[in-house]
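J.: Below is the structure I would like to discuss, written out as structure tokens.
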Amino acid sequence: MEGCARGKAVSVRRWARVVTLKDDPAVIAEYERMHGQPWPEIAQGMRASGVQRCYIFRRGNLLFFFGETDDGAPKIELPAEVQQRLAEWGVIMTAWQVPVNGYTPDNPNDKWATMDEIYTFESDA
């Protein structure tokens, strides 16, 4: 998907992923609480990796993530303390996540399953 941001051509990549949370109301509530007030380093990390926008939707313990990344954006090296906080967040979130049925992750530290885009509609209006 090609776009334009402030007069510059950008190459936007859309991506979607799914994962389940442990089927525990306390885990789900804490996951939502933390995402309602994410640590400042989370936004720093996303900006640094070119993420323009992302969304997480939940139904029961199923999570759906949708993101858009400017693949042409320069990647920014984050200070060690920010990288440490991102790693801490990842450890907490991963402990609450379970791969969706039938999905075996390539990386045991990443339980999200990437989805293929099969349909797009964009209005000209």
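The values are calculated or read from the model by the stated rules, or taken from the named source; none is laboratory data. In this text the structure is predicted, and so the values were computed from the model without any measurement. Cβ coordinates were reconstructed from backbone atoms using ideal geometry, including for glycine residues, and neighbour counts include every protein chain displayed.
J.: Can you work out which of the residues in the range 62-103 that are part of a helix (DSSP H, G or I) and touching a residue at least 40 places away in the same chain (Cβ under 8 Å) is surrounded by the fewest Cβ atoms within 10 Å (Cβ to Cβ)?
T.: 92
J.: Here's a follow-up. Please find, within the range 49-61, the residue that is farthest from residue 100 (Cα to Cα) out of those that are over 14 Å from the mean Cα position of the chain (by Cα) and part of a loop (DSSP other than H, G, I, E, B).
T.: Residues of the range 49-61 that are over 14 Å from the mean Cα position of the chain (by Cα), as a first pass: 59-61.
From what's left, part of a loop (DSSP other than H, G, I, E, B): 60-61.
Working: 60: 13, 61: 10 Å.
Within the range 49-61, the match that is farthest from residue 100 (Cα to Cα) is 60.
J.: Mind listing just one residue for me: the one in the range 30-48 that is surrounded by 12 or more Cβ atoms within 10 Å (Cβ to Cβ) and small (Gly, Ala, Ser) and, of those, nearest to the chain's Cα centre (by Cα)?
T.: 45
J.: OK, next. Of the conditions (1) within 18 Å of residue 18 (Cα to Cα); (2) touching a helix residue (DSSP H, G or I) at 6+ places or on another chain (Cβ under 8 Å); (3) without any contact (Cβ under 8 Å) to a residue 40 or more places away in the chain, residue 35 satisfies every one except a single condition; which number is it?
T.: Failed condition: (2).
J.: Next question, about the same structure. Given the options 19, 51, 27, name the one that is at pLDDT below 95, surrounded by 14 or more Cβ atoms within 10 Å (Cβ to Cβ) and among the hydrophobic types (A, V, I, L, M, F, W, C).
T.: 51
J.: Pairs only if they're at least six apart or on different chains, beta carbon under 9 angstrom, first in the range 104-125 and on the phi > 0 side of the Ramachandran plot and assigned to a strand (DSSP E or B), second surrounded by 10 or more Cβ atoms within 10 Å (Cβ to Cβ) and β-branched (Val, Ile, Thr); list them, first residue then second.
T.: none
J.: Can you name the number of the only condition in (1) among the aliphatic types (A, V, I, L, M); (2) in a helix (DSSP H, G or I); (3) within 19 Å of residue 97 (Cα to Cα) that residue 19 fails?
T.: (2)
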